[in-house]
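S.K.: Provided herewith is a single structure, encoded as structure tokens, for subsequent inquiry.
The values are calculated or read from the model by the stated rules, or taken from the named source; none is laboratory data. This structure is a prediction, so every number in the text was calculated from the model and none was measured. Note that we place each Cβ from the backbone using ideal geometry, even for glycine, and neighbour counts take in every protein chain shown.
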Amino acid sequence: MTLGEFAMCIAAVFSSSTAQILMKRASSTGISATGFRLLSMGIVLQLLSVLLAVLVLRTMALSQLMPFAALAYVLVPLGSAVLLKERLTRRFWWGSFLIMSGIMWTLSVGV
């Protein structure tokens, strides 16, 4: 995996995670101009995420990209806790530890 591929994988995950948080925030604002703007930004970021994933799949195997997608399961709740004041449970932290361990193991083995 090259540095460029790694950067595109990380950018895709951050775009997807940010998009999900924006869409969650948009859903809580109700029908309003602010909600529409947040939803629109979320859709654009989600499309960017898909585009980046497609570009990186041209040179990388899907088995190398998928561990990065698991990062969203950690980043979305963290972002929601910080930005939307949601509460994180002990189960989240245990799950995050397992996800991060799996990602590190997969990257170190070079699957």
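S.K.: Sort out which residues of segment 30-49 are loosely packed, with under 14 Cβ neighbours inside 10 Å and within 28 Å of MET1 (Cα to Cα), and write them in order of number.
M.R.: Pass one, segment 30-49, residues loosely packed, with under 14 Cβ neighbours inside 10 Å: 30-34, 36-37, 40, 44, 47.
Within segment 30-49, VAL44, LEU47 qualify.
S.K.: Follow-up. Please find, within segment 99-111, the residue that is surrounded by the fewest Cβ atoms within 10 Å (Cβ to Cβ) out of those that are of a type in the set (Val, Ile, Thr) and assigned to a helix (DSSP H, G or I). Steps first, please.
M.R.: Taking segment 99-111 as the starting set, the residues that turn out to be of a type in the set (Val, Ile, Thr) are 99, 103, 106, 109, 111.
The next check asks that each one be assigned to a helix (DSSP H, G or I); those that pass are 99, 103, 106, 109.
Details: ILE99: 16, ILE103: 17, THR106: 16, VAL109: 7.
Looking at residues that are of a type in the set (Val, Ile, Thr) and assigned to a helix (DSSP H, G or I), I get VAL109.
S.K.: With the checklist (1) over 19 Å from LEU107 (Cβ atoms); (2) touching a Ser or Thr at 6+ places or on another chain (Cβ under 8 Å); (3) surrounded by fewer than 20 Cβ atoms within 10 Å (Cβ to Cβ); (4) of a type in the set (A, V, I, L, M) in hand, flag the one item LEU55 doesn't pass.
M.R.: (2)
S.K.: Only one residue in ARG91, ARG87 is without any contact (Cβ under 8 Å) to a residue 40 or more places away in the chain, out of contact with any Leu (no Cβ under 8 Å at 6 or more places or on another chain), part of a helix (DSSP H, G or I) and among the charged types (D, E, K, R), so which one is that?
M.R.: Values: ARG87 fails: part of a helix (DSSP H, G or I).
Exactly one residue qualifies, and that residue is ARG91.
S.K.: State which residue is surrounded by the most Cβ atoms within 10 Å (Cβ to Cβ) when the search covers only segment 4-27 and only residues that are among the polar types (S, T, N, Q) and touching a residue at least 40 places away in the same chain (Cβ under 8 Å). It would help to see each step written out before you state the result.
M.R.: The first filter runs over segment 4-27 and keeps only residues among the polar types (S, T, N, Q), leaving 15-18, 20, 27.
Right, trim to touching a residue at least 40 places away in the same chain (Cβ under 8 Å) and you get 16-18, 20.
Numbers: SER16: 24, SER17: 22, THR18: 21, GLN20: 19.
Applying the filter and picking the extreme gives SER16.
S.K.: Of the numbered conditions (1) of a type in the set (Ser, Thr, Tyr); (2) in a loop (DSSP other than H, G, I, E, B); (3) surrounded by 13 or more Cβ atoms within 10 Å (Cβ to Cβ), SER96 satisfies every one except a single condition; which is it?
M.R.: Among (1) of a type in the set (Ser, Thr, Tyr); (2) in a loop (DSSP other than H, G, I, E, B); (3) surrounded by 13 or more Cβ atoms within 10 Å (Cβ to Cβ), SER96 violates only (2).
S.K.: Is it the case that some residue within segment 6-27 is of a type in the set (Ser, Thr, Tyr) and either farther than 16 Å from ALA69 by Cα or touching an Asp or Glu at 6+ places or on another chain (Cβ under 7 Å) (or both)? Steps first, please.
M.R.: From segment 6-27, those of a type in the set (Ser, Thr, Tyr) are 15-18, 27; that's our starting set.
Adding the requirement that they be either farther than 16 Å from ALA69 by Cα or touching an Asp or Glu at 6+ places or on another chain (Cβ under 7 Å) (or both) leaves 27.
Among the residues of segment 6-27, at least one is of a type in the set (Ser, Thr, Tyr) and either farther than 16 Å from ALA69 by Cα or touching an Asp or Glu at 6+ places or on another chain (Cβ under 7 Å) (or both), which makes the answer yes.
S.K.: Need at least 3 residues that are at pLDDT 90 or above per element, so show me which helices (runs of 4 or more DSSP H) inside segment 1-82 make the cut, counting only ones lying wholly within it. Write out each step before concluding.
M.R.: Numbers: elements: 3-29, 33-57, 62-70.
Passing ranges, in order: 3-29, 33-57.
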